[in-house]
Amino acid sequence: MASYVTLGYGDIALAAILLCVNAALSAVMQLGLGKRIVISAVRMVVQLTTVGLVLKALFVVQSPWLTVLVIAVMIGFAGYEAYARQDQHFTGLWSWGLGVLSMAVAALLVTALALGTAIRPDPWYHPQYAIPLLGMVLGNTLTGVSLGLERLLASTTQKRSAIEARLLTGAPMQTALKGCVREAMRAGMIPTINAMAATGVVALPGMMTGQILAGVEPVDAVKYQLLIMFLIAGGTGIGLTAAVLGGARLLSDDRHRLRLDRLTLRRGG
Amino acid sequence: MLALNGLNGPGFGPIDARVASGSCLAVMGASGSGKTRLLRAIADLDPAAGNCLLNDTPRASLPATEWRRRVAYVPAEPGWWAATAIEHFLDAAMCRELADRLGVEEAALGRPIEELSTGERQRLALVRALQFEPEALLLDEPTGPLDARTTELVEGEIRDQMRRGACVILVTHERAQTERLGADVCTIVAGRFDSPVNEAG
């Protein structure tokens, strides 16, 4: 079957020496990044090793409940990440709830679609398929949702007087927020569209490269990559729409008021 | 008639007032005393407790969109959502005529908003509000950025609106203006009227 060169820990340690170049650059050019380089590198090693061990255990146990648990933890982290990337937040539960909810709905829907139609693993919850798929979709949906929400909140804050002027002529909130909603949707959508256009020419996707390195036929690897890209595009579209429309709703009320008082601005960072 | 019953929100109120059709209530007071917040609350732009009635119809019984056309608020610094003024009007011919009455030359209506003077923008925002023939007008310093001649034109228009039957709440810093408009004057201090207005009426 598939043949690939197994890496030893010594080989990885050798590659890690490259980081010393970055550290040296930081010291010589006084970038002040030394500490962050070390912390990020250590985080990466610890996180990836943990994920490897968890996946290995999951594959052995093959319990649907454990798979669901891991999925819940992944969505939780994605939600936190979406929250942490925003300068402005909704007050209360919606501060992280909106991001979590829209990403969870989008990623689960799209992953279920792929598992139910294209891949059909047996059993369907087989973690070897469910978890990597969800991870890919979730990561990219996260980017779209964060960008879209950030743009929505920034542009409504910035265009407050224009939005209210429109409300004052008797326009409903949907009309007054239309420009901001469209701007936010575009901001969230564009990275995915650009990624589709550039893939294979400018950059070889990491997942496809990984499969090829692991001995998969290039054409088969390409098929997987295409599937993933379509899933990502669909997931981003759904998650972004949920987040932006949900956000627009939270920014207004039943009396068609612009409720910027429901936002808090995080200072510093 | 526009009636405010115990209207209150963050930083102002409770406020009771009655403004009869064809009359003007001038609200005076220091910066930060709550004048703008009061007008925003009447226009239903900010949540507020208490009640507003237009000709005995409670605000809550009307959709907010309809209320804002009938009770038109013109902020001191009005906003614009399109590139030129003319795009903000439903009936271009009617608005051209209104703008002309207020001394705004016709060419200004097609120029980019940023190129207009503060005074032109202020008067065009008034035109934008008047196109719905509102029953009540909430004007926040409508002549603040205007010279003597255009101030006179705007005050003439306000008087015309009152003659038409509109009730006007006017925020102003000019005592003389309140006299020229024959307005009842009340002073707002720390968000409250320092003396009750027309409470008997």
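Hey, does region B:17-35 have a residue that's surrounded by fewer than 20 Cβ atoms within 10 Å (Cβ to Cβ) and within 11 Å of another protein chain (Cβ to nearest Cβ)?
Checked region B:17-35: no residue is surrounded by fewer than 20 Cβ atoms within 10 Å (Cβ to Cβ) and within 11 Å of another protein chain (Cβ to nearest Cβ).
Quick one: in region A:158-198, which of the residues that are among the β-branched types (Val, Ile, Thr) and within 18 Å of the chain's Cα centre (by Cα) is farthest from residue A:3 (Cα to Cα)?
A:190
Go through A:129, A:125 for me and flag whichever is assigned to a helix (DSSP H, G or I), assigned by TED's automatic domain parsing to the domain that holds residue A:185 and either on the phi < 0 side of the Ramachandran plot or of a type in the set (S, T, N, Q) (or both).
After applying the criteria, what remains is A:129.
A quick yes/no check of all residues on (1) within 14 Å of another protein chain (Cβ to nearest Cβ); (2) under 28 Å from residue B:53 (Cβ atoms); (3) surrounded by fewer than 23 Cβ atoms within 10 Å (Cβ to Cβ):
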residue	(1), (2), (3)
B:114	yes, no, yes
B:132	yes, yes, yes
B:164	no, yes, yes
B:173	no, no, yes
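For residue A:177, all conditions in the list (1) away from chain B (no Cβ under 14 Å); (2) within 12 Å of residue A:247 (Cα to Cα); (3) not acidic (Asp, Glu) hold save one; what is the number of the exception?
Of everything listed in (1) away from chain B (no Cβ under 14 Å); (2) within 12 Å of residue A:247 (Cα to Cα); (3) not acidic (Asp, Glu), residue A:177 misses just condition (1).
Take the residues of region B:136-156 that are surrounded by fewer than 19 Cβ atoms within 10 Å (Cβ to Cβ) and among the charged types (D, E, K, R): which is nearest to residue B:42 (Cα to Cα)?
B:155
Residues that are in contact (Cβ under 8 Å) with a residue 12 or more places away in the chain, in a loop (DSSP other than H, G, I, E, B) and surrounded by 14 or more Cβ atoms within 10 Å (Cβ to Cβ): does region B:185-196 have at least one?
Within region B:185-196, one or more residues are in contact (Cβ under 8 Å) with a residue 12 or more places away in the chain, in a loop (DSSP other than H, G, I, E, B) and surrounded by 14 or more Cβ atoms within 10 Å (Cβ to Cβ).
Quick one: which of B:43, B:17 is over 24 Å from residue A:261 (Cβ atoms) and touching a Phe, Trp or Tyr at 6+ places or on another chain (Cβ under 8 Å)?
So the residue among B:43, B:17 that is over 24 Å from residue A:261 (Cβ atoms) and touching a Phe, Trp or Tyr at 6+ places or on another chain (Cβ under 8 Å) is B:17.
Please specify each residue of region B:24-43 satisfying the condition of being within 25 Å of residue B:165 (Cβ to Cβ) and over 13 Å from the mean Cα position of the chain (by Cα).
Across region B:24-43, the qualifying residue is only B:28.
State all residues of region A:106-118 that are β-branched (Val, Ile, Thr) and surrounded by 17 or more Cβ atoms within 10 Å (Cβ to Cβ); if no residue qualifies, say none.
Within region A:106-118, A:110, A:111 meet the criteria.
Could you tell me how many of the residues in region A:145-170 are in contact (Cβ under 8 Å) with a residue 60 or more places away in the chain and within 12 Å of another protein chain (Cβ to nearest Cβ)?
Looking only at that region, the number is 4.
Cβ-Cβ under 9 Å, sequence separation 6+ or interchain: first residue in region B:68-91 and facing chain A (nearest Cβ under 9 Å) and without any contact (Cβ under 8 Å) to a residue 60 or more places away in the chain, partner assigned to a helix (DSSP H, G or I) and among the polar types (S, T, N, Q). Which pairs?
Matching pairs, first to second residue: B:77/A:161; B:77/B:118; B:77/B:122; B:78/A:161; B:78/B:122; B:79/A:161; B:80/A:161.
Here's a check for you: in region B:40-58, which residue that is among the small types (Gly, Ala, Ser) and touching a helix residue (DSSP H, G or I) at 6+ places or on another chain (Cβ under 8 Å) is nearest to the other protein chains (Cβ to nearest Cβ)?
B:43
Looking at A:166, A:182, A:151, which one is outside the structural domain of residue A:57 (by TED's automatic domain parsing), loosely packed, with under 15 Cβ neighbours inside 10 Å and of a type in the set (Lys, Arg)?
A:182
The values are calculated or read from the model by the stated rules, or taken from the named source; none is laboratory data. For clarity, every value in this text was computed on a predicted model and none was experimentally measured. In this analysis, Cβ positions are derived from the backbone assuming ideal geometry, glycine residues included, and neighbour counts consider all displayed protein chains.
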